[in-house]
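The values are calculated or read from the model by the stated rules, or taken from the named source; none is laboratory data. Note that this is a predicted model, so its numbers are computed, not measured. Every residue, glycine among them, receives a Cβ derived from its backbone with ideal geometry; neighbour counts consider all protein chains shown. For accessibility, only protein heavy atoms count, side chains too; no ligands or nucleic acids. Shrake-Rupley method; radii C 1.70, N 1.55, O 1.52, S 1.80 Å.
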Amino acid sequence: MLPFFLPKDRSVFQKQIYSIWLARCNQEIEHVASLLADFRRKYGMEGKEISFHGDFPADWAFARAEWYELLAIQGSLWRAQGKTDLSESLFFRLEKFAESRGELDCFYLLFEIGLTALKRGEHANALKYFQWAGANAVTLPQKLFTETNSLLCLEDLSLPQGEKLKQVIMLDRKVPREQSKWVIGNRETILCYRLRKQYKEGEISAEFSKITSSPKLLESTYFKIWALLLPYHALSMQDSRSAEIHRLLTHLVNGNSFFFLKNFRLRTLTGTAHPEDFLISKPGELAGRIYLWTWNWLLDPSRQSLEQILELLQHLREHSTIRLWPSDDRLRLIACLRWLSLFDRMAYPKTELIVHELQQRPFDFHPLLHFEVQLTEYLLCLAQNKKEQARELLKALRAQPLWRSTGIYFKQIALLTVTGSTPLDSYIRALRDQLQLSHSEDSATHRKTRVFLDQSKLRLAQSAGSAEKTIASRPLCLALYVLRHCPAISFQRLYCEAYECAHFEPDVHRARVFNLVTRLKKLFPAQLSLKTKGDAIYCQGQWRQFRFIELNPREKQLANSNRWRSVLDRNKTPQSFTPRPKLQQLDDLLLREFGSGCRVERKRLETWAGVSKSTSNRLLRRWLKRGLLKRTGRGKNTAYTIQGER
């Protein structure tokens, strides 16, 4: 059996490093910084920088393995303090150095490299390092923390987790009661894992309402608040948002200054965005944000910015391999895209292309998320008047256990039932109107109406329904909308509104305006007249023979969003995304990318760094001064040779 503390044959140095690591795993960051400061004073390292400069320090008085351990603890502390650049750079160089010398067997180094990969969303790579770390673990907590993180990697990779979970639980039970304080952080991680499992199965129980008062361990607290903000279950806090949510968010912010991705997660819960958020690459965090924001927008378009949702979706479409995401995250994205496309009929085909891309890899079965995806497919069939397919999907929905659940309101959405007791009532009413199921039009009104002008499709038709026949173009429809609200309008405004242009040149565009007016006169009945005088147009009469099908607020936002059309552009091919590094990172990235002895030109360095010509010249002067580069040739023949760090 593995001991709880390090064996007696280990040095005092290693035992102190071990105690600092245990404090770090329990998120006692201030205590870790204090212990590390005391440790440095004790061993005469006060005032010296604990970092890696390419080789083993000449004045190091201890074993080589202990040097790796100390650097791993320092890098872990930097990551906890938000110094991600320093931490990742240190672990990258340490990994290459130790691997080149066959010394990549330090538990702390392997464990921290795995954590770094996990935070970046590289789950397969992280799992590999956690397995190596587990093979080098010598104590029960080391084995327990390693296996727990391996469990999280399996979850994100959509691989079987049953055996690993049993192993983690068995190891946790072996922890002596008097030593349980050292594994609180691990138990918090296991609790959050179980809460995620319950949520995906649709079992959102009263446990989600129990918010911990711990000032340190808030992983499960964040997930509970995130789940409680969703409006489609009985424990939703949407109705009591102002007071209770404010209290919980204040607790989340003030409880732990080193909480993982604290600022990003806080902005997720409050519905705000920041440019730094695009540097986050962890799929679960990104999918969770889009999912929560989409539901907030569906519930109240004025409360959540649609542009923020679409900006993040566009970023993921262009810079992330979303088709490789874990199955639960891909299911959330599919649901979000279909909920949005319900309010833009023209987006159906393009949305399904993205959905097809997300469905290329198989899914694990998550009852709640699969039920929601099937529900959105059913509603889309209703919107497209595919009655037979909708009937089959409704039968499939009724056969699922969650259909009978009283805690999940997806049944009410499927039946478009307004109960008056859920936060979804306003959304269900809007959905009924959108699907044209709530108010049937009076037949007398149909007989009197000559043409229908549908703003969601921007077309004029002789009838409303599946057999409608388009009789007018998009500019003509836009002109009708403008004239209906502005009976007296200038040539310039009518041209800009109808042809969606920003500039008007009288000598060039007046002919197009007169052509448009002529077409409108042919379309107008006897009750309407259209006259021009000078540079103005005047419309007089009654609009009784026109029926304008207005856009609801959700449709208007989607119809007016250029970003939504960019998201749906099927010519966009997802690419791997590497955020532009800071200038101080480029020193290490230069050696990583090209290697010592590589010969490159200035233009190539400029393109690689993604900077302007002036910035690249400044970088070249810096690297030449530091000895990282050596210049050869002159003028157009100038080239630079990578020398390595001096």
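List of remarks:
- Odd one out for ALA609 among (1) more than 30 Å from LEU310 (Cβ to Cβ); (2) modelled with pLDDT of 65 or more: (1)
- Test: ARG323 is surrounded by fewer than 18 Cβ atoms within 10 Å (Cβ to Cβ), touching a residue at least 24 places away in the same chain (Cβ under 8 Å), part of a loop (DSSP other than H, G, I, E, B) and under 20 Å from the mean Cα position of the chain (by Cα): no
- Tally, over segment 492-537, of residues that are closer than 12 Å to LEU476 by Cα, open to solvent by less than 90 Å² (accessible area, probe 1.4 Å) and not in a loop (DSSP other than H, G, I, E, B): 13
- For segment 84-98, a residue qualifies if it is under 17 Å from PHE130 (Cβ atoms) and among the charged types (D, E, K, R), and exactly one does: GLU95.
- Residues (open to solvent by less than 50 Å² (accessible area, probe 1.4 Å), closer than 30 Å to SER205 by Cα, at pLDDT 90 or above and not polar (S, T, N, Q)) located in segment 381-407: LEU393, LEU394, ALA396, LEU397, LEU402, TRP403
- Residue pairs meeting the criteria (Cβ under 8 Å; at least 6 apart or on separate chains; first in a loop (DSSP other than H, G, I, E, B), in segment 350-369; second open to solvent by 60 Å² or more (accessible area, probe 1.4 Å) and of a type in the set (D, E, K, R)): GLN360/ARG323; ARG361/ARG323; HIS366/GLU201
- Any hit, segment 83-103, residues being closer than 21 Å to ASN26 by Cα, among the hydroxyl-bearing types (Ser, Thr, Tyr) and open to solvent by 40 Å² or more (accessible area, probe 1.4 Å): yes
- Considering residues of segment 294-313 that are open to solvent by 30 Å² or more (accessible area, probe 1.4 Å) and over 15 Å from HIS274 (Cα atoms) only, the residue modelled with the lowest pLDDT: ARG303
- For segment 408-433, filtered to residues that are in a loop (DSSP other than H, G, I, E, B) and under 16 Å from ALA234 (Cβ atoms), the residue that is modelled with the highest pLDDT is TYR409.
- Near pairs, Cβ below 8 angstrom, 6+ apart or cross-chain, from segment 544-571 (assigned to a strand (DSSP E or B)) to any residue that is surrounded by fewer than 16 Cβ atoms within 10 Å (Cβ to Cβ) and at pLDDT 75 or above: PHE546/ARG484; PHE548/ARG484
- Helices (runs of 4 or more DSSP H) fully within segment 130-223 counting 2 or more residues that are open to solvent by 60 Å² or more (accessible area, probe 1.4 Å) and touching a helix residue (DSSP H, G or I) at 6+ places or on another chain (Cβ under 7 Å): none
- Failed criterion for SER320 (all others in (1) of a type outside the set (A, V, I, L, M, F, W, C); (2) within 24 Å of PRO362 (Cα to Cα); (3) at pLDDT 90 or above hold): (3)
- Those residues of segment 607-646 which are open to solvent by 20 Å² or more (accessible area, probe 1.4 Å), of a type in the set (Gly, Ala, Ser) and in contact with a strand residue (DSSP E or B) (Cβ under 7 Å, 6 or more places away or on another chain), in sequence order: GLY633
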